[in-house]
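Each remark here refers to the structure printed beneath this line.
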Amino acid sequence: MKPNKKSLVLFYPFAVVLILLIITTGCNTPTPKDQDKTSPKTGITVIDTDGNVYHTVTIGKQVWMVENLKTAHFRNGDTILNVSDELKWSQLKTAAFCNYNNDKKNITDYGRLYNWFAVNDKRSICPTGWHVPTNSEWSDLFKFLDGKDIAAGKLKSTDKWHKPNAGATNSKGFTALPGGSRDYPEAKFDNLGSSGHWWSATENEEGFSWMIYMSCMGEDAMKLSEAQQSGFSVRCIKD
């Protein structure tokens, strides 16, 4: 028996809606691979002692600040020494920070550079509920991103870096920036735009601690042991 015209008219709109629902649901359903690695989740903002505001991102089971640290004070309000002089910086064995090229204009994008004595100070440079990540916590981050050989590509911002900024996707929302460094023993500023350097809270041997290095030339994240008088960026991780 053939369907009459009235039945076809009533059925057609329902069929169209059903097809659209199937298509839409199919497009939005995550694949098993997507479910293995959750997408970035922007969480609460955090304010340091100086009133600087930081965004946060969840990567795996860790919560990270999205920006490099900018504070000029410890958690309890004590001032961190700002040292611009090269000789004085190289001789320090106490907490200090500087701005890249001693220029405050660089703070907004790249944060400040700290020596490891500031990182290791009991007064803490991170806000309450946060700390400087250990070497192990950096390793956990890289493991979640399928290994340090490709981790930097997933962590690096897609701008601010010099070309070729190899592999950069910022797929996890970490937004790693090339804040440069202050070397030791010359205490010269170098690498702004070409590499990013972040302290860990883990000492390697007397006078040296672990740090993380990312370059515009590669997608790997390297762990290096550097002199504690060096000046590097800091990212805080949630307790």
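The values are calculated or read from the model by the stated rules, or taken from the named source; none is laboratory data. Note that the structure is a prediction, hence the values are computed from the model and not measured. Positions of Cβ are generated from backbone atoms using ideal geometry, with glycine treated the same way; all protein chains shown enter the neighbour counts.
Annotations
- Residues being of a type in the set (Ser, Thr, Tyr) and closer than 21 Å to residue 122 by Cβ - total across region 63-93: 2
- Single unsatisfied condition, residue 162 versus (1) in a loop (DSSP other than H, G, I, E, B); (2) touching a residue at least 60 places away in the same chain (Cβ under 8 Å): (2)
- Subset of region 188-207 (residues that are within 24 Å of residue 84 (Cβ to Cβ) and of a type in the set (A, V, I, L, M, F, W, C)): 189, 192, 198, 199
- Residue count for region 73-90, restricted to those that are of a type outside the set (A, V, I, L, M, F, W, C), outside any loop (DSSP other than H, G, I, E, B) and without any contact (Cβ under 8 Å) to a residue 40 or more places away in the chain: 4.
- Entirely in region 184-233, the strands (runs of 3 or more DSSP E) that have 2 or more residues that are over 24 Å from residue 143 (Cβ atoms) and either under 15 Å from the mean Cα position of the chain (by Cα) or at pLDDT 95 or above (or both): 189-192
- Checked against (1) buried (at least 17 other Cβ atoms within 10 Å of the Cβ); (2) out of contact with any Cys (no Cβ under 6 Å at 6 or more places or on another chain); (3) touching a residue at least 40 places away in the same chain (Cβ under 8 Å), residue 113 passes all but condition (2).
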